[in-house]
Amino acid sequence: MSEEKKVSRRDILKMGTAGAFGIAGSYYLNKMTQIPTVAQASNDSSHKKGNHSNHANMSDKTITTGYKMAERLLTEFDYGKVTKLPNGQTLREYEVVAIDKEIEIAKGIKFPGWTYNGTIPGPTFRCTEGDLLRFNFINEGSHPHSIHFHGIHPPEMDGLTSIYPGQRFTYEFEAKPYGLQIYHCHVLPLARHIHKGLYGNFIIDPKKPREPALELNMVMNGYDLDLDGENEFYTVNGYAFAFMNHPIKIKKDQLVRIYLSNLTEFDLLNSFHLHANYFTYYPTGRNDNPSQFTDTIMQCQGERGIIEVRFPYKGIYMFHAHVSEFAELGWMGFFEVE
Amino acid sequence: MKGKWLITVLIPLVLLIGVLGWVLKNGAGVEKDPAAPIEVLNIERIKVTKIGFELFVSNTGPKPLTISQVMVNDSVWNFNVAPQAKLERFDEGKVTISYPWVEGDPHTIKLITENGIITEGEVAAATLTPETTWSNFLNYGLIGFYVGIVPITLGLLWYPFMKRFSRKSINGILALTVGLLLFLFVGTLADGFEIGAEAPSVFQGNMVVIIAASLTFLLLIGFDQYQQRKQEKKGYSPFGLALLMATGIGLHNFGEGLAIGSSFALGEAALGTFLIIGFTLHNITEGIGIAAPLLKTTPRFRDFLLLGVIAGAPAIVGTWVGGFIFSPIWGALFLGIGAGAILQVIYVITKMLIEDHRKHNEESVSWLNLSGFAIGLLIMYFTAFFVKF
Ligand SMILES: [Cu+2]
């Protein structure tokens, strides 16, 4: 130690004071600090004063392209071009074109879809049991596709063969059995081809017509935008919240018949729940199947059925998937009974 | 003659412009349209307010994009984008979502663009984001004071004890300081990379850290050499060296403040509190390091005060920045500068140690120095347990 002059005792004391001041400061800090260290604000009413009236979220009355598609699919049935065969049988011919098309699936969201005739879901084909059906399928898309119809028909008409882009094929078979059928593409990879939008309802009416009713077509589906095997949106007829922002108008006591099917990929089940009312559910659209009187049903992938319901009171009735997550991601709507 | 010289410069330049122009006009000759839309939406900051969430976003992709839908915890939600939902390249916007969040719960927010590209943001544990009020400002400043200035001053208090040491022991302490600083250098660099990785990819956060660190290091060395030549001095004055250390450590402490401030801002108050305790303990050793070069001199009280403030006060500023205006790219820049500054201090002390031992005909890596260095590293390693999870 060459240096003789050391730090004076007084200086050390001063430094000690600075340190002590710091410690004291830090002690008070804990008491004074406004920064919360414990959970608190969850029952704070302040953030409930915001815009959270029930389902006020996702409200948008704009008539978008996507909504127009969903609305059209709700009541449009494709009966085909009808002629009589020499033996008296009815022949129905349908045009089905596979097209790559961007579909609006929620307000402002474009989905690069693969479609039958340009919509997701595809057209609702309709016929009567015993008719001879001819589906002229033209593939104008970028990938091989096919149409696999549910029902009873010869295996060579089952849609397992790929129809390549630019090619065409005619599926021909007799319509049976009556009920609600579905159709979809059956080219591998299956989940991808179906999820992209190649599916729809296919109604075979019984020979003895059903009671007249307001008939609605609903296909439950989902969209996986980032291809992670999980859907971002769930809808009926392809557009999120379509009938929530534009309720489906119904007359009081009118018979309503809904052709409902589940073509959701990546989720096992989807469901339909009606508020403030009960309905009769006919699985696969068969009157001879054991039916249910309920307000909630569920369908596995590919399952379908007919819902028949009358509304005894005027007003707004909600319907949605009873899986809350699906409901909040787009599968939710209203009936407006007048 | 001069004209010719100019022409030889201009010819390659004109040709280069020609080639670039041709490529720009005709494309590279490969594919023109990308297979999938390239959209890069960055969520820079999520503020939790009484009404819901405020997201500060920017478009750093090559094309304009439009935010079309917002989902909060797997539920489509109403939202508002200011100034508008369509963001041009490098445009910034604020997405406001009215949402009844739950205190302490994690919340996932998905922004979906027109082309279906999803950008996800997360609130790890929802709690009100501190507002920039005077009282919060003061509280944050107090935390910074607590973490930065207090422990360093406490460390400086060991000065009288160290004062009794011999020259060799002092060198041992300096070697210990090198150990401390090496640990800080690596840690600061790693923190910089971690924060830099969160910055939008166009800014290349990691490169910002490297550029800032190397430029700071070289600039400080260059500045030193210039100073030495100018003043015809040899080496540093002990106080100059301590000042240098205090500056480097100060920049490092800015990073610590940043970590604390942003953890409070992100709603992780428990983590923030733990960081405060940990950094406080950790930083006592920094005071010892700063005091080491002064052992051969007679510092005045205000010298200690100055050193304590230079090394500690940046923690206050860091806490403010972290708590109120945090953005990853600025964090990366500051931590890069900090790392460069620390590296330069390591360089200076090491050089000084080697020169001192050479002057006395001793080996510079003596057992004492080696132990000092090892102890320095180990002290930092074990005290860092308080801030690592
Ligand atoms: Cu297909």
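The values are calculated or read from the model by the stated rules, or taken from the named source; none is laboratory data. In this text the structure is predicted, and so the values were computed from the model without any measurement. Counting neighbours? That spans all protein chains shown, and the Cβs are built from the backbone with ideal geometry, glycine included. Heads up: the accessible areas ignore ligands, DNA and RNA and are worked out on the full protein's heavy atoms, side chains in. Shrake-Rupley method; radii C 1.70, N 1.55, O 1.52, S 1.80 Å.
Remarks
- Between the range A:131-151 and the range A:289-324, the Cα center-to-center distance that results, in Å: 30 Å
- 0 to 90° range, to nearest 10: angle between helix B:167-198 axis and chain B longest Cα axis: 0 degrees
- Relative contact order of the range A:202-263, pairs being alpha-carbon contacts under 8 Å that are 6 or more residues apart, as %: 44 percent
- Charges were assigned to the Cβ only: +1 to each Lys and Arg, -1 to each Asp and Glu. The resulting dipole of the range B:116-223 about its Cα centre is roughly 1040 debye.
- Rounded to 5, the percent of DSSP beta bridges in the protein assembly as shown classed as antiparallel: 80 percent
- Solvent-accessible surface ranking, highest first, for A:137, B:279 at 1.4 angstrom: B:279, A:137
- Gaussian network model of chain B, Cα within-10 Å springs - most flexible of B:26, B:115, B:369: B:26
- Reachable aspartates and glutamates, given that their alpha-carbon falls under 14 Å from the alpha-carbon of residue B:47 and they are not under 8 places away in the same chain: B:103, B:122, B:131, B:268
- Accessible-area value, residue A:300, 1.4 Å probe, nucleic acids and ligands omitted, Å²: 50 Å²
- Partner shielding of B:66-79 amounts to 5, given as the average count of beta-carbon atoms from other chains within 10 Å of each residue beta-carbon.
- Chain B: relative contact order in percent, alpha carbon pairs under 8 Å with at least 6 residues between: 23 percent
- Taking the charge dipole of the protein assembly as shown about its Cα centre, with +1 at Lys and Arg Cβ atoms and -1 at Asp and Glu Cβ atoms, the residue from A:271, B:130, A:318 reaching farthest to the positive side is B:130.
- Each peptide among B:96-107, B:303-314 gets the average number of other Cβ atoms lying within 10 Å of its residues, and from highest to lowest they stand as B:303-314, B:96-107.
- Rounded, prolate or oblate (a/c below 1.5 giving rounded, otherwise prolate when a/b exceeds b/c) for chain B by Cα gyration tensor: oblate
- Using a cut-off of 30 Å between Cα atoms, the listed pairs A:81/A:101; A:81/A:176; A:61/A:208; A:196/B:50 include A:61/A:208; A:196/B:50 as exceeding that distance.
- Lys, Arg +1 and Asp, Glu -1 on Cβ, resulting dipole of the protein assembly as shown about Cα centre, debye, nearest 20: 3000 debye
- The mean sequence separation of alpha-carbon pairs under 8 Å and at least six residues apart, normalised by the residue count of the range A:57-150, gives a relative contact order of 30 percent.
- Looking at the protein assembly as shown, the accessible area is 48 square angstrom per residue; that uses a 1.4 Å probe and ignores ligands, DNA and RNA.
- Global geometry of the range B:295-358, whether rounded, prolate or oblate, following the gyration tensor of its Cα atoms and the 1.5 cut on a/c: oblate
- Taking every DSSP beta bridge that has both ends in the range A:54-179, the antiparallel portion is near 70%.
- Per-residue Karplus couplings for the range B:285-298, computed as 6.51 cos²θ - 1.76 cosθ + 1.60 with θ equal to phi - 60°, are listed in order as 5, 5, x, 4, x, 5, 6, 3, x, 7, 4, 8, 10, 10 Hz, Gly and Pro entered as x.
- With the charge dipole of the protein assembly as shown set up from +1 on Lys and Arg Cβ and -1 on Asp and Glu Cβ about the Cα centre, the Cα lying farthest toward the positive end among the listed residues A:305, A:62, B:178 is that of B:178.
- Where GluC sites (Glu not before Pro) fall in DSSP loop in the range B:150-254, at most 12 other Cβ within 10 Å: B:232
- Chain A against chain B buries an accessible area of about 4300 Å², both chains summed, 1.4 Å probe radius.
- Euclidean distance of C-alpha centroids, the range A:166-199 and the range B:83-123, integer Å: 38 Å
- Helix B:238-265 and the long axis of chain B differ in direction by around 30°, with both axes built from C-alpha atoms.
- In this structure residue B:167 has an accessible area near 70 Å², from a 1.4 Å probe over the protein heavy atoms.
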